[in-house]
Amino acid sequence: MANNLDYSNIWELYGLKADPFTTDALVVYGGILPIECFIGRKNELQRLNKQFRSGSSRVLVIGDVGVGKTSFVNFSRSLAIKGGYFSHLKEIGVMGNWYTNEFIINTLQAIYSALTLESKESLISEDSFKKLKSIVDFYNYEKGLRGISVAGFGLEYGSDRFSPPIMIPTNSLMELATKIVKEIHNKTGKDVILHYNNLENLKEMDIRRLFEDLRDFFQMPHTHFVFVGNLITNGIIQGSQRVSSIFSDSIMINEMTFEEIEEVINKRLELLKIENLNLVKPFDKSALDKLYNLYGGNIRNILNSLKEAILASVINNPIILTDEDIARTLRQLVEERHFKILVEKERQILRYMANKEEITNKSLATGTNTAQSNVSKYLKHLQNLGYVEVKRKSGKDKFWTVAPKIKWVLLKEPKQKHIVKYMPPKI
Ligand SMILES: Nc1ncnc2c1ncn2[C@@H]1O[C@H](COP(=O)(O)OP(=O)(O)OP(=O)(O)O)[C@@H](O)[C@H]1O
Ligand SMILES: [Mg+2]
């Protein structure tokens, strides 16, 4: 059946091979965007490098959601790999249902993948490789079995938290890991770097238990453990002297400057440019400035907003967005997509919250003149829709914040610029 939809690629209109606003983290060996797209963070890179040269270390890398933590560690690792260090490819993504054993096994699995994918099996002894392979195979087989039994009982995905931990003694796993690292070090003369991402997936209790139970593992010689987490994780770790004393350094990743973000995007445009086509930059400085201020420099939110604004505006010409376009388009989007489906009180609550960095249930009730029990009900509904989330907890208090896209409601169109009127020429 014929339709009148246009299927031409939007990015091609701008002379680009692909979406320049993708928000995936940069990976060690490069995805669509090569790791060379990385910009800035000179001091932080130096600090991490110092740790990598120190024999063994445990570093915490923390920062707000979407500021560039994963990309930072991946870039640091890519430099270290060039310097001869051994590290795995993709970061090790920590899951909420991990036990102590799973932590070590996933580490072994990451080492195994790096060895086999890069044909570096000879870095370790045959005996170690055999053991490593059998553990990885067994774990994956077990995981498959658990998946089946969980599904068979009609349990929801995620409740496998309650299935028994893998029955291999933790000590044996630790011994194998230590032996492998030692062998790699003996062969290469260089250390091993391990990168654990998304520590925030673990509950407070689990973080404490993990660092308690794996204290010895984390002291492994010739090994550098880099843990990445958000501000909630940092609060938990700093709140426990026993846990925080494990770390050799804690590096905070802050929002980038305006110029750095501009440089990131320019670099991406340059790399994605289609040869022989003219490149059209999809936005002007005023547009970027508007979003930079809205999000206090959070790169992920800025990139996502630029993309949404372009997708909403472009039909068959490469439109160049200004601050006015950004404000009008994104305001309209948030109103039509999200506010329209809410009752008036929920809209009022969201507007009130959008202006605050974070807010408790109680302050929200006072600020919007709503009974606290009703506020809870509205928040639950808004949370289910993905419009609000808990940013952090302190004692019994939950601090709520709006999802980044809801902030579009704060965008104001700039005052009409002075328009110069031209008189028709007298002929
Ligand atoms: N220094 C940088 N140079 C170039 N691009 C960057 C830099 N930092 C971050 N980015 C880009 O910003 C986006 C977000 O980065 P990243 O995923 O690393 O953030 P994050 O802090 O790990 O996020 P999350 O909290 O969701 O884990 C990615 O698209 C990444 O490519
Ligand atoms: Mg990340």
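The values are calculated or read from the model by the stated rules, or taken from the named source; none is laboratory data. Remember, it's a predicted structure, so these values are computed and weren't measured experimentally. Glycine gets a Cβ as well: all are built from the backbone with ideal geometry, and neighbour counts include every protein chain shown.
Consider region 45-59 and keep the residues that are at pLDDT below 95 and either closer than 11 Å to residue 249 by Cα or among the polar types (S, T, N, Q) (or both). The one that is farthest from the chain's Cα centre (by Cα) is 54. Exactly one residue out of 89, 48, 26, 16 is of a type in the set (A, V, I, L, M) and in contact with a Cys (Cβ under 7 Å, 6 or more places away or on another chain), and it is 26.
Which of the following residues is more than 26 Å from residue 25 (Cβ to Cβ), of a type in the set (D, E, K, R) and touching a Lys or Arg at 6+ places or on another chain (Cβ under 6 Å): 397, 323?
Values: 397 fails: touching a Lys or Arg at 6+ places or on another chain (Cβ under 6 Å).
The conditions single out 323.
The single residue among 202, 194 that is in the same structural domain as residue 232 (by TED's automatic domain parsing) and away from ligand 1 (no atom under 16 Å from the Cβ) turns out to be 194.
Quick check, is residue 271 surrounded by 15 or more Cβ atoms within 10 Å (Cβ to Cβ), at pLDDT 95 or above and in a helix (DSSP H, G or I)?
Values: surrounded by 15 or more Cβ atoms within 10 Å (Cβ to Cβ): yes; at pLDDT 95 or above: no; in a helix (DSSP H, G or I): yes.
No.
For region 408-416, indicate whether the set of residues that are surrounded by fewer than 15 Cβ atoms within 10 Å (Cβ to Cβ) and part of a helix (DSSP H, G or I) is non-empty. Within region 408-416, not a single residue is surrounded by fewer than 15 Cβ atoms within 10 Å (Cβ to Cβ) and part of a helix (DSSP H, G or I).
Remark: pairs (first residue in region 58-76, closer than 18 Å to residue 89 by Cα; second residue more than 7 Å from ligand 1 (Cβ to nearest atom) and part of a loop (DSSP other than H, G, I, E, B); Cβ separation under 6 Å; 6+ apart in sequence or on different chains) = 74/27; 74/28. Taking the criterion of being within 20 Å of residue 247 (Cβ to Cβ) and within 16 Å of ligand 1 (Cβ to nearest atom), the residues of region 81-92 that qualify are 91, 92.
Taking the options 390, 375, name whichever one is free of Cβ contacts under 8 Å to residues at least 40 places away in the same chain, assigned to a helix (DSSP H, G or I) and among the aliphatic types (A, V, I, L, M).
Working: 390 fails: assigned to a helix (DSSP H, G or I).
Exactly one residue qualifies, and that residue is 375.
Give me a count of the residues in region 112-125 that are crowded, with 19+ Cβ neighbours inside 10 Å and out of contact with any helix residue (DSSP H, G or I) (no Cβ under 6 Å at 6 or more places or on another chain). Here the count works out to 1. Any residue that is more than 16 Å from ligand 2 (Cβ to nearest atom), assigned to a loop (DSSP other than H, G, I, E, B) and of a type in the set (Val, Ile, Thr) - is there at least one of those in region 34-56? Yes: one or more hits. In the set (1) closer than 30 Å to residue 303 by Cβ; (2) not in a helix (DSSP H, G or I), residue 232 fails one condition alone, (2). Of the residues 242, 208, 215, the single one that is over 21 Å from residue 394 (Cα atoms) and free of Cβ contacts under 8 Å to residues at least 40 places away in the same chain is 215. Set side by side, the residues 401, 370 differ, and just one is surrounded by 14 or more Cβ atoms within 10 Å (Cβ to Cβ), in contact (Cβ under 8 Å) with a residue 24 or more places away in the chain and assigned to a strand (DSSP E or B), which is 401.
Does region 35-43 include one or more residues that are surrounded by fewer than 19 Cβ atoms within 10 Å (Cβ to Cβ) and among the β-branched types (Val, Ile, Thr)? Yes - at least one qualifying residue is present in region 35-43.
Here region 61-78 is the region considered, the condition is being among the hydroxyl-bearing types (Ser, Thr, Tyr) and more than 8 Å from ligand 2 (Cβ to nearest atom), and the residue that is surrounded by the fewest Cβ atoms within 10 Å (Cβ to Cβ) is 78.
Every residue, every condition in (1) in a helix (DSSP H, G or I); (2) out of contact with any helix residue (DSSP H, G or I) (no Cβ under 6 Å at 6 or more places or on another chain); (3) of a type outside the set (Phe, Trp, Tyr); (4) more than 16 Å from ligand 1 (Cβ to nearest atom), yes or no:
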site	(1), (2), (3), (4)
60	no, yes, yes, no
71	yes, yes, yes, no
79	yes, yes, yes, no
96	no, no, yes, no
101	yes, no, yes, yes
105	yes, no, yes, yes
110	yes, yes, yes, yes
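Within region 177-192, identify whether any single residue is small (Gly, Ala, Ser), exposed (fewer than 13 other Cβ atoms within 10 Å of the Cβ), modelled with pLDDT under 90 and not in a helix (DSSP H, G or I), and answer yes or no. No.
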